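Everything on this sheet refers to the single structure shown next.
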């Protein structure tokens with residue numbers, strides 16, 4: 001959806017939240033990892049992605065609308081354009097989860113039945 005001054009505050013916040021979630025998933029970050037890197041709580045990330053944010057941001061959107069600069073949010077977080085390979089991998093489904101960073105696997109010696117070396 002294109003962000004324009006005809007949209008309600010709630011619709012703009014919802015669209016921006018969805019784009020933030022898409023940007024997070026493209027970087028393969030979980031909400032917890034993003035929150036830690038940004039120095040905010042995981043709940044804050046959840047609220048931003050769902051479009052549930054404080055009234056101060058809603059007021060900010062209203063001021064931007066009055067000033068005629070709301071459409072510039074389109075350039076700030078453009079709608080994602082998946083590559084043809086991503087489209088084939090997803091087979092029409094939208095990505096919903098990130099795998100997160102994987103822990104380093106430590107190789108251990110094989111287990112034996114009480115045999116001493």
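Just so you know, the Cα atoms of region 9-90 work out to an Rg and Dmax of 14.2, 42 Å.
Please give the FRET efficiency for residue 74 paired with residue 36, using the beta carbon to beta carbon distance and R0 = 25 Å, rounded to the nearest 0.05.
On the way: r = 29 Å, r/R0 = 1.16.
Efficiency, from the Cβ-Cβ distance: 0.30.
Every number here is computed from the coordinates shown, using simple stated rules; none is lab data. Owing to the predicted nature of the structure, the values given are computational and were not obtained by experimental measurement. In this analysis, Cβ positions are derived from the backbone assuming ideal geometry, glycine residues included, and neighbour counts consider all displayed protein chains.
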